[in-house]
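Here's the structure we're looking at; comments come further down.
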Amino acid sequence: MRALIARWFASGRVIDAILVFMAFEAVLLIITRKLRGADTIAALAPGACLLLALRAALRHEDWTTIAALLLVALFAHLSDLRRRWTKTAAARENAAAIRGDR
């Protein structure tokens, strides 16, 4: 059993399983309308890219592939942060306008 688990990690298959669970989570979030499709993708994309980078490292792929995946994860994360901060700032402005603070 221990050898099987070691092979599962070394081959990167464990990452594939986690990505399948993430996809399932995304579908559930969209179906239950907890998040819109774009919000769900923006929230999960950085983590998925980090997992793909880990998978590439476990499979001893070229360092440029790993670096590219990490860079994509960074840009996805920064994009998600910007989107969230913009939403938060707009919500604060709307609340202030409703209260008459403006």
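The values are calculated or read from the model by the stated rules, or taken from the named source; none is laboratory data. In this text, all values refer to a predicted model and were calculated from it rather than measured experimentally. Please note: Cβ atoms are built from the backbone with ideal geometry, for glycine as well, and neighbour counts cover all protein chains shown.
Numbers at a glance
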quantity: Cross-chain or 6+ apart pairs with Cβ under 6 Å, the stretch 1-23 first and surrounded by 14 or more Cβ atoms within 10 Å (Cβ to Cβ), then of a type in the set (Val, Ile, Thr) and part of a helix (DSSP H, G or I); calculated: Trp8/Val14
quantity: Selection count, the stretch 5-20, where residues are part of a helix (DSSP H, G or I), more than 11 Å from Leu44 (Cβ to Cβ) and within 19 Å of the chain's Cα centre (by Cα); calculated: 7
quantity: Residue within the stretch 67-78 that is of a type outside the set (A, V, I, L, M), free of Cβ contacts under 8 Å to residues at least 24 places away in the same chain and either part of a helix (DSSP H, G or I) or loosely packed, with under 15 Cβ neighbours inside 10 Å (or both) present; calculated: yes
quantity: Matching option when the condition is at pLDDT 95 or above and touching a helix residue (DSSP H, G or I) at 6+ places or on another chain (Cβ under 9 Å), among Gly47, Gly37; calculated: Gly47
quantity: Test: residue in the stretch 12-30 that is aromatic (Phe, Trp, Tyr) and over 30 Å from Lys87 (Cβ atoms); calculated: no
quantity: The stretch 58-89, subset of a type outside the set (Lys, Arg) and at pLDDT below 90, residue nearest to Val14 (Cα to Cα); calculated: Trp85
quantity: Residue that is surrounded by the most Cβ atoms within 10 Å (Cβ to Cβ) [pool: residues in the stretch 30-66 that are among the acidic types (Asp, Glu) and over 12 Å from the mean Cα position of the chain (by Cα)]; calculated: Glu61
quantity: Members of the stretch 79-90 found to be surrounded by 12 or more Cβ atoms within 10 Å (Cβ to Cβ) and free of Cβ contacts under 8 Å to residues at least 40 places away in the same chain, listed by number; calculated: Ser79, Asp80, Leu81, Arg84
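Yes or no, residue by residue, for (1) of a type in the set (Val, Ile, Thr); (2) at pLDDT below 85:
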{"position": "Ile15", "(1), (2)": "yes, no"}
{"position": "Ile18", "(1), (2)": "yes, no"}
{"position": "Ile41", "(1), (2)": "yes, no"}
{"position": "Ala56", "(1), (2)": "no, no"}
{"position": "Ala91", "(1), (2)": "no, yes"}
